[in-house]
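A short worksheet on the structure shown next.
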Amino acid sequence: MISKSSKVFLSIAAGVLMAIGGVLTCTPSKEASSLPPPAQETAEEPAAEPQEPVRVFAADDLSNLAPDAPDVPVYDKHTLAERRAAGLPTALPDIAPYRTGKTVYLTFDDGPDDKNTPAVLDILREAGVKATFYVTGRQAEAHPDVLRRIYDEGHAIGNHSYDHRYEKLYPDVNGFLAEMERTDEIIYGILGVRPLILRAPGGKIGHFTAAYAPAIRANGYVEHDWNVSSADAAPGHPVAQDFIDNISSETDQEVAARTAIILMHSSEGHEETVKALPKIIELLKAKGYTFGVITPMTPQPW
Ligand SMILES: [Zn+2]
């Protein structure tokens, strides 16, 4: 659920965006209109009217990517193939990153699955915070209903390749882009939008050559690694308390104390991440962070 104050903020943000964006398409949040259902209502009645989350859709000419609402996801309504066919730009313009206060970005990679990702979504909903899910095309194909739920609940979705295979991604940038475009098509087939954000499997350091950054930008993507790792994919079967400790200490470091992009996983086998998440959110709230979602305007994590 979006808190009332966030909703007011989002409504204001949406208004500002529409004013400055011109061709911006945006779905403003609804006013709080529904009270909890009376006790005598039957169990089949929905508990509350679902609220359409606020999102920004890139303009055809990509000119509206300068809003200042770090918890509003951004998507493109066109695939790259559509943009090419229509002669629309595919390359992002120069984008100034948000200047925000102390912000944390929870990111969950390698999903969606049908167990841990829904559990993560339940926890996020309970805590009233938004996050970013870097999904693979293969997992999205397998669990389109979970991908839809991520989208419907106002989180951001990023591209994390089709099946995470380094041998297809890192010999050369054309292989990398082909895997990303394939995944975009799958996401678009389910949601009718494509992400403008991506995360290189394994991170870009040690994987990208000089050819990658310009080619990624020419195709309208912004890549974000992370500066805080839960280390929930480390060898040796780490447990929930390890992730909490890692995040607690790493968010004290200079850059992360201001802008923390936290790496976690919500795929199969990551039950300990689910277990740790309520305490992680609690500790980040106690440190004074607000929660954002990754967009093309999110500052780089270093
Ligand atoms: Zn990954």
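The values are calculated or read from the model by the stated rules, or taken from the named source; none is laboratory data. Values in this document were obtained by computation on a predicted structure and should not be read as measured data. Don't worry about glycine lacking a Cβ; one is built from the backbone with ideal geometry, like all the others, and counts go over all protein chains shown.
Structural remarks
- Hits in segment 206-230 (condition: out of contact with any helix residue (DSSP H, G or I) (no Cβ under 9 Å at 6 or more places or on another chain), of a type in the set (A, V, I, L, M, F, W, C) and closer than 24 Å to residue 273 by Cα): 226
- Residue within segment 136-146 that is at pLDDT 95 or above, among the hydrophobic types (A, V, I, L, M, F, W, C), surrounded by fewer than 16 Cβ atoms within 10 Å (Cβ to Cβ) and more than 12 Å from the chain's Cα centre (by Cα) present: yes
- Residues that are hydrophobic (A, V, I, L, M, F, W, C) and surrounded by fewer than 17 Cβ atoms within 10 Å (Cβ to Cβ) within segment 46-87 comprise 47, 48, 66, 81, 85, 86, listed in sequence order.
- Residue in segment 228-237 that is closer than 19 Å to residue 57 by Cβ and away from the ligand (no atom under 15 Å from the Cβ) present: no
- The set of residues from segment 191-232 being surrounded by fewer than 17 Cβ atoms within 10 Å (Cβ to Cβ) and under 21 Å from residue 144 (Cβ atoms) comprises just one member, 192.
- Exactly one residue among 100, 117 is away from the ligand (no atom under 16 Å from the Cβ) and in contact (Cβ under 8 Å) with a residue 60 or more places away in the chain, and that residue is 100.
- Residue count, segment 258-292 (criterion: small (Gly, Ala, Ser), surrounded by 15 or more Cβ atoms within 10 Å (Cβ to Cβ) and within 26 Å of residue 69 (Cβ to Cβ)): 3
- Annotation: of all residues in segment 152-206 being assigned to a loop (DSSP other than H, G, I, E, B) and among the charged types (D, E, K, R), the one that is farthest from the ligand (Cβ to nearest atom) is 153.
Yes or no, residue by residue, for (1) of a type in the set (A, V, I, L, M, F, W, C); (2) modelled with pLDDT of 95 or more; (3) within 19 Å of the chain's Cα centre (by Cα):
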residue	(1), (2), (3)
195	no, yes, yes
201	no, yes, yes
215	yes, yes, no
223	no, yes, yes
238	no, no, no
254	no, no, no
264	yes, yes, yes
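- Cross-chain or 6+ apart pairs with Cβ under 7 Å, segment 200-211 first and over 18 Å from residue 183 (Cα atoms), then within 12 Å of the ligand (Cβ to nearest atom) and aliphatic (A, V, I, L, M): 207/200; 208/200
- For segment 51-76, filtering for residues that are closer than 11 Å to residue 154 by Cα and modelled with pLDDT under 85 leaves 2.
- Among residues of segment 207-220, those that are part of a loop (DSSP other than H, G, I, E, B) and away from the ligand (no atom under 16 Å from the Cβ), counted: 5
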